[in-house]
Amino acid sequence: MKESTGFSQKSDEKSRKLLNFATEVTDNMPRYARWFTATLIVLVWALFSSTMWSMYSSAYKDCKESLKKTDSELTLAKGEINHMVTKRDKLDKLEKLTLKEAIHRLQPRLDEDVLDKILVNILKCCKDQNLDPALVISLIFEESSFWPMAESDRGAIGLMQVRYETWHEDPILTDNGVSAVDKLFWIDNNINCGTSILRKYIDESGGNIVRALWRYNSGQTSLPLEGEYYEVDYANKILIRMHSIRERIRQAELDLLMNYTEQVK
């Protein structure tokens with residue numbers, strides 16, 4: 001405590017001496033020197049203030065321009081996104097209309113309400129099972145010609161000719177609410193089960209569509225002529241029809257995109 005007090009006293013003594021010296025210098029300065037010093041201080045301060053203000057002003061302007069540019073880019077990006085969403089919606093609607101037209105071409109006697117219900121369920125199930133709607137449409141035509149009440153002498157039922165006796169204990173039917181044979185006549189149940197079976201066969205065939213289609217038709221896991229895919233008439237008819245439908249969709253989409261290009265020009 002004594003050392004601390006002694007240090008403090010020495011510090012105070014030096015401060016008093018420095019203050020006394022500064023006072024003596026100021027008092028002894030001529031009047032013109034005092035004026036010159038004051039003027040110099042004011043000029044330095046004014047120059048400093050001007051420089052700082054210029055820097056702040058420039059930074060503020062740059063920031064404002066940057067924000068304006070960012071807002072402009074965001075507005076442009078939003079416009080492009082909205083344009084893309086609108087175009088994608090139109091393409092989806094166009095594909096739906098083209099698929100509906102394809103079903104009508106294949107079966108012109110089909111009631112429009114029934115056609116719409118079939119198409120809605122095809123699109124939903126194909127999305128769930130990651131299948132091409134054109135493939136399923138072609139398969140349904142080959143199996144039942146779009147007749148929901150179709151029934152073969154082997155017990156195949158409905159649009160996709162699902163065999164209840166073969167699948168009645170399988171989760172493909174039980175998990176989809178098909179607890180009795182008559183429920184396979186329902187459009188939604190039949191397409192749901194049929195697309196699930198097709199997806200299962202495609203996966204088990206390693207993605208080989210021809211092998212999966214042959215198995216869907218015959219129940220056999222191997223082709224009649226191993227490797228000679230072009231000999232499988234059942235699969236050929238389905239695939240040729242599928243590509244024909246897909247080509248009409250592609251052409252309709254190209255026409256739509258050409259219209260968009262002309263509008264932009």
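Across region 104-142, the residues whose backbone nitrogen lies under 11 Å from the label position 7 Å along the beta-carbon direction of D203 are 129-130. Think of region 92-264 as having a plus end and a minus end, set by charges on the Cβ of Lys, Arg, Asp and Glu; of A180, Q220, I137, I137 sits farthest toward the positive end of this dipole. What is the local net charge at D153, summed over the other residues whose Cβ is closer than 15 Å to its Cβ (Lys, Arg +1; Asp, Glu -1)? Counting the neighbours of D153, the net charge comes to -1. For region 148-172, the residues whose backbone nitrogen is under 19 Å from a point 7 Å from the Cα of D111, taken along Cα to Cβ, are 148-151, 158-160. If R0 equals 45 Å, the separation of the Cβ atoms of V120 and Q220 corresponds to a calculated FRET efficiency of about 0.85.
Read-outs throughout are calculated quantities, based only on the coordinates presented, and are distinct from any laboratory measurement. Just so it is clear, the structure is predicted and the values come from calculations on it, not from any experiment. In this analysis, Cβ positions are derived from the backbone assuming ideal geometry, glycine residues included, and neighbour counts consider all displayed protein chains.
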